[in-house]
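The block underneath contains the structure these notes are about, expressed in structure tokens.
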Amino acid sequence: MSLAHDLESLAIDIAREAGELARNRREAGVAIAATKSAIADIVTEADREVEATIRARLAAARPDDGFLGEETGAERGTSGITWVVDPIDGTVNYAYGIPTYSVSIAAVRGEPTPGEWEALAAAVFHPAVDEMFHAAAGEGAWLGGQRLAVSAEIGPAGALLATGFGYDPETHAGDLERVGRVMPLARDLRRGGSAALDLSYVAAGRLDGYFERGLQPWDLAAGSLLVSEAGGRFARGADDGSRRSPLVVAAAPGLFDELAAAAGLG
Ligand code: IPD
Ligand code: CA
């Protein structure tokens, strides 16, 4: 068994346990613990508890690895491998009782910075429907035991696309302009509320493409490996407005160039 495969198995086990904890806590009722970068950017007590559980499980299984999590920050390891974790991706959905949220866990080698790391393993678990998306570098992307592939072709009605909007209201006008430029390619546009699931759905061919500005490393670490292992293309670059909040584009190869150009990927 390869290292990537071992890391994938661990990510799957922990993502399932974490997702079940999140679902149980949701059933018991959600408490908002704090707001973060903007008033719309919230963290629930469950986000913190789920991340602590993931972090403790990883520390016990692989004590030499580093950690980068949305809620508890970064810690360098000595093995060269870092776990990049979003305990609940789709926190606003979670808080409102919408079941579109996921646990996202990735293992990366090298600097824990998108574009600099080499993603080795990924698990994205959607507890509400019991779907486990997973991938290991060079070994494909999977939904449970079914191998995934991105859309083979885009139909004459256009591409089914998804996007998202950051929490900072000042960025919304630019995001909406981008939507306007992309819509001629689209048969329709989804805004699911969990970037990790959006990327998993591109990998599964449930979406033809996805674009969003301002994602954090934990939003995209697992999903980007899923897309590339499913034969899709993923890129993260400066958008035409700001170098501070890069734009992500993921799509089937037949759509990628057109989508990236319309979205303004620099
Ligand atoms: C958010 C979700 C959302 C995306 C936001 C992310 P969070 O993550 O992935 O779909 O549009 O940009 O911040 O805050 O729910 O972990
Ligand atoms: Ca997230």
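The values are calculated or read from the model by the stated rules, or taken from the named source; none is laboratory data. Keep in mind the model is a prediction, meaning the values are calculated, not measured. Positions of Cβ are backbone-derived with ideal geometry, glycine not excepted, and every protein chain shown enters the neighbour counts. Ligands, DNA and RNA are excluded from the accessible area calculation, which covers all protein heavy atoms including side chains. Shrake-Rupley method; radii C 1.70, N 1.55, O 1.52, S 1.80 Å.
No other residue among ARG48, ARG57, ARG62, ARG25 is over 21 Å from the mean Cα position of the chain (by Cα) and closer than 21 Å to ALA221 by Cβ apart from ARG62.
Among the residues of segment 161-211, just one is buried (at least 17 other Cβ atoms within 10 Å of the Cβ), within 9 Å of ligand 1 (Cβ to nearest atom) and over 30 Å from ALA137 (Cβ atoms), namely PHE165. Just wondering, is there one or more residues in segment 117-135 that are farther than 23 Å from ARG236 by Cα, of a type in the set (Asp, Glu) and outside the structural domain of ASP198 (by TED's automatic domain parsing)? Yes - at least one qualifying residue is present in segment 117-135. The single condition among (1) away from ligand 1 (no atom under 16 Å from the Cβ); (2) open to solvent by 20 Å² or more (accessible area, probe 1.4 Å); (3) at pLDDT 95 or above that GLY232 does not satisfy is (2). Selection of segment 26-36 for residues being in contact (Cβ under 8 Å) with a residue 12 or more places away in the chain and exposed (fewer than 11 other Cβ atoms within 10 Å of the Cβ) yields only ALA31. Could you check, for segment 95-106, whether at least one of its residues is assigned to a strand (DSSP E or B) and among the polar types (S, T, N, Q)? Yes, segment 95-106 contains a residue that is assigned to a strand (DSSP E or B) and among the polar types (S, T, N, Q). Here the strands (runs of 3 or more DSSP E) wholly within segment 138-214 that include at least 2 residues being within 16 Å of ligand 2 (Cβ to nearest atom) are 159-163, 209-213. Return a yes/no flag: does segment 99-114 have any residue that is farther than 19 Å from GLU8 by Cα, at pLDDT 95 or above and surrounded by fewer than 24 Cβ atoms within 10 Å (Cβ to Cβ). Yes, that holds for at least one residue. In segment 88-108, the residues that are more than 13 Å from GLU71 (Cα to Cα) and among the hydrophobic types (A, V, I, L, M, F, W, C) form Cβ pairs under 9 Å with partners that are at pLDDT below 95 and open to solvent by less than 10 Å² (accessible area, probe 1.4 Å), at six or more places apart or across chains, as follows: ALA95/THR44. Scanning segment 126-149 for residues that are open to solvent by less than 20 Å² (accessible area, probe 1.4 Å) and among the hydrophobic types (A, V, I, L, M, F, W, C), which turns out farthest from GLN216 (Cα to Cα)? Taking the candidates together, the pick is LEU148. Filter segment 80-89 for residues that are near ligand 1 (Cβ under 7 Å from one of its atoms) and more than 17 Å from SER224 (Cβ to Cβ) and give the result. ILE88 - this is the single residue of segment 80-89 that is near ligand 1 (Cβ under 7 Å from one of its atoms) and more than 17 Å from SER224 (Cβ to Cβ). For segment 45-98, how many residues meet the condition of being away from ligand 2 (no atom under 15 Å from the Cβ) and either open to solvent by 50 Å² or more (accessible area, probe 1.4 Å) or of a type in the set (Asp, Glu) (or both)? Number of matching residues: 19.
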